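Everything on this sheet refers to the single structure shown next.
The values are calculated or read from the model by the stated rules, or taken from the named source; none is laboratory data. Keep in mind that what you see is a predicted model, and the values were worked out from it rather than measured. FYI the Cβ positions are ideal-geometry reconstructions off the backbone, even for glycines, and counts take in every protein chain you see. Surface accessibility is based on the protein's heavy atoms, side chains included, excluding ligands, DNA and RNA. Shrake-Rupley method; radii C 1.70, N 1.55, O 1.52, S 1.80 Å.
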Amino acid sequence: MNCKITGKKIKPFMSFGKMPIANGFLKKKDFKNEFFFEMEVGFSKEISLFQLNNHPNPKLMFNKNYPFFTGSSKVMVKHFANYAKWIKNNYFNHTKNLIEIGSNDGTFLKNFNSNKIKNIGFEPSKNVADIATKNGVKTINKFFNYKNVSKLKNLKNKTDIICAANAICHVPNLKDLIYGIDFLLNKNGVFIFEEPYLGSMFKKVSYDQIYDEHIFMFSGTAVKKIFDLFDMELIDLIKQPTHGGSMRYVVARKGQRDRSKSLSNILDEEKLNNLDNYKFCEQFKMNCENSRHRLKKLLKNFKKDGKKIAGYAATSKSTTVLNYCKIGTDIIDYICDTTDEKINKYSPGMHIPIAPIKHFRENVPDIAYLFAWNHKQEIFNKEKEFISKKGKWISHVDL
Ligand code: TYD
C-alpha cells in the first residue's frame, strides 16, 4: 500500500475484513452481484495520515442514487447555519465568492443566498445535486478535481473562500483536489473544512467512521503536514461536536495570515496521545478487537434471554459494525430509518431488512441498537415512548 500523498510504501496495520459499499442498500435480487473489497487501513509515518488501502471507485458511491441527504437531520441543518455564520463573522471581508466542495442538497450554501456573494457548490451525486438546484443553490454536478475546476477560468486565483464539510475525507486523489484549490484560491483566500476527527475516533473507539467513503481520517498534525507540502499552511483548528467529534481546519497560503493561538494547544494534545506516530495504531487495533468481542458477547446474551433486537438508523457507519462483527438477521430483526431510498431494501453485506420508523413504533423491540449514535439527542427526543415502554438503547460506543 502506498501513501496517497507521499507515494511512499506503508504497511496496513489492520483489516476489517471484506466490506460492501457502505451506502449500498440493495434489493434481494442484487444480493448475488454485491461488490466487496478488503478494508485495510494504514498510517503514513511521514505525514501521520490515517488512510484506507483499497477503496472502490468513487463513481460506485457518488452517483444518481446517493442515499444521504444533509437535510435529514435537524441538528445538522442547525450546525450548518452556525458554520455559515462563523464564516461570515470570521472570514467575510470584501468577500465576493465562495465555493463548497460536496454541497449535497444545498443545506449549507442556502445560508449564503441572502448575501450578495456568488456561491457555487460542486456535487457529484446527481439526485442530491438536483435537490440543491431546486432549492435555488447553484450546483455543478461534477467532482471537484483539477480537470473540472480549471474550466472556471474567471475564478482562477480570484476565489475568496473554499469550504467543505464531511467531503474532503471522501476524495482519494487528495493531491489533485489541493491543486484545484491552489488554482482557485486568491492570495489571501482560505480553505475551511470539517471532517470526523481521528482523535475522537480513537477516544471513542468509533471504528465505524471507517468505511469506503472515508478514505482518510484526519488529525491536525496530518493536515498541517499535508498542506506544508503544497506551500500552504494550517492556521486554525476548532473542535466540533458533529459526527461524534469532528475538527474544523482553516488553511491559507503560506505566510499570508496569522496562525490562531489554539492551534499549538491541539497539536500538542495530539502528540501527547501519540496521534502523530504509529504507537496509536497498535492501540487502536487492540481497542477495535476488544470492542467487537464485547459487543458480540452482549448481543449473544440478549438473544439467550429471548430479547428482540432492532437497529435504529441505517447509517453508512452501521455497515462497518455489522460486517466487521458479522451481525445478521439471527441477531437484529430489522433496522428502521427515515430515508425513503433505504426503506424496503436490505443492509449492505449482512442483508438486514430496512423498515420505516413507523415499523419500530408498531413493533417495539426490547433492545434498540443505535447506529446513529452521533444523533443520539435528536433521536432520544423523538423516541421517548421507547424508553417509557422499558426499551433499552445500546451501541458499541458509550451513549
Ligand atoms: P448519519 O450518522 O449522518 O449517517 P452516516 O453514518 O451515513 O454518515 O445518519 C444518517 C442516517 O440516519 C440516515 O439514514 C437517516 C438516519 N436517521 C434517522 O433514521 N432518524 C433520525 O432522527 C436521524 C437524525 C437520522
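Scanning region 72-90 for residues that are more than 14 Å from E194 (Cβ to Cβ) and in contact (Cβ under 8 Å) with a residue 40 or more places away in the chain gives S72, S73, K74, V75.
Of the strands (runs of 3 or more DSSP E) that lie entirely inside region 11-110, those containing 2 or more residues that are more than 16 Å from the ligand (Cβ to nearest atom), open to solvent by less than 60 Å² (accessible area, probe 1.4 Å) and closer than 30 Å to N290 by Cβ span 12-20, 36-44, 49-52.
Among the residues examined, K18 does not qualify as touching a Gly at 6+ places or on another chain (Cβ under 7 Å) and of a type in the set (D, E, K, R). Of all the numbered requirements in (1) touching a strand residue (DSSP E or B) at 6+ places or on another chain (Cβ under 6 Å); (2) over 27 Å from K28 (Cα atoms), F371 misses one, and that requirement is (2). The listed residues are L152, L234, L174, and the only one of them that is more than 16 Å from the ligand (Cβ to nearest atom) and within 30 Å of F35 (Cα to Cα) turns out to be L174. For region 248-302, filtered to residues that are of a type in the set (G, A, S), at pLDDT 95 or above and touching a strand residue (DSSP E or B) at 6+ places or on another chain (Cβ under 7 Å), the residue that is farthest from S15 (Cα to Cα) is S260.
The strands (runs of 3 or more DSSP E) located wholly in region 333-399 that include 3 or more residues which are open to solvent by less than 50 Å² (accessible area, probe 1.4 Å), over 21 Å from E34 (Cα atoms) and away from the ligand (no atom under 11 Å from the Cβ) occupy 367-370.
In this structure, Y312 does satisfy being of a type in the set (F, W, Y), within 29 Å of K384 (Cβ to Cβ), in contact (Cβ under 8 Å) with a residue 60 or more places away in the chain and buried (at least 23 other Cβ atoms within 10 Å of the Cβ). If you go through region 254-306 and keep only what is under 24 Å from the mean Cα position of the chain (by Cα) and closer than 17 Å to I327 by Cβ, you end up with C288, E289, N290, S291, R292, L295. Condition check: exposed (fewer than 14 other Cβ atoms within 10 Å of the Cβ) and either under 24 Å from K18 (Cα atoms) or within 16 Å of the ligand (Cβ to nearest atom) (or both). Does D305 satisfy that? Against the criterion (exposed (fewer than 14 other Cβ atoms within 10 Å of the Cβ) and either under 24 Å from K18 (Cα atoms) or within 16 Å of the ligand (Cβ to nearest atom) (or both)), D305 does not qualify.
Would you confirm, using the coordinates I've provided, whether G180 is open to solvent by less than 10 Å² (accessible area, probe 1.4 Å), away from the ligand (no atom under 16 Å from the Cβ), touching a strand residue (DSSP E or B) at 6+ places or on another chain (Cβ under 9 Å) and closer than 24 Å to N65 by Cβ? It is false that G180 is open to solvent by less than 10 Å² (accessible area, probe 1.4 Å), away from the ligand (no atom under 16 Å from the Cβ), touching a strand residue (DSSP E or B) at 6+ places or on another chain (Cβ under 9 Å) and closer than 24 Å to N65 by Cβ. Pairing each residue of region 200-211 that is under 13 Å from H243 (Cβ atoms) with any residue that is among the acidic types (D, E) and away from the ligand (no atom under 13 Å from the Cβ), provided the two are 6+ apart or on different chains, yields C-beta distances under 8 Å for K204/D398.
Per the listing D337, D305, D330, the residue uniquely touching a strand residue (DSSP E or B) at 6+ places or on another chain (Cβ under 7 Å) and closer than 23 Å to W393 by Cβ is D337. Of all residues in region 335-387, exactly one satisfies the criterion of being among the small types (G, A, S) and either closer than 23 Å to S246 by Cβ or at pLDDT below 95 (or both), namely A372. Screening the candidates K296, K300, K285, K317 for the property of being open to solvent by 10 Å² or more (accessible area, probe 1.4 Å), within 16 Å of the ligand (Cβ to nearest atom) and in a helix (DSSP H, G or I) yields one hit, K317.
Within region 187-199, being in contact with a helix residue (DSSP H, G or I) (Cβ under 9 Å, 6 or more places away or on another chain) and open to solvent by 20 Å² or more (accessible area, probe 1.4 Å) holds for no residue.
Pairs are defined by a Cβ separation below 7 Å, a sequence spacing of at least 6 or placement on different chains, a first member in region 324-341 that is touching a residue at least 12 places away in the same chain (Cβ under 8 Å), and a second member that is open to solvent by 30 Å² or more (accessible area, probe 1.4 Å) and assigned to a strand (DSSP E or B); the pairs so defined are Y334/P353; C336/P356. Per the listing N141, N154, the residue uniquely open to solvent by 30 Å² or more (accessible area, probe 1.4 Å) and touching a Lys or Arg at 6+ places or on another chain (Cβ under 6 Å) is N141.
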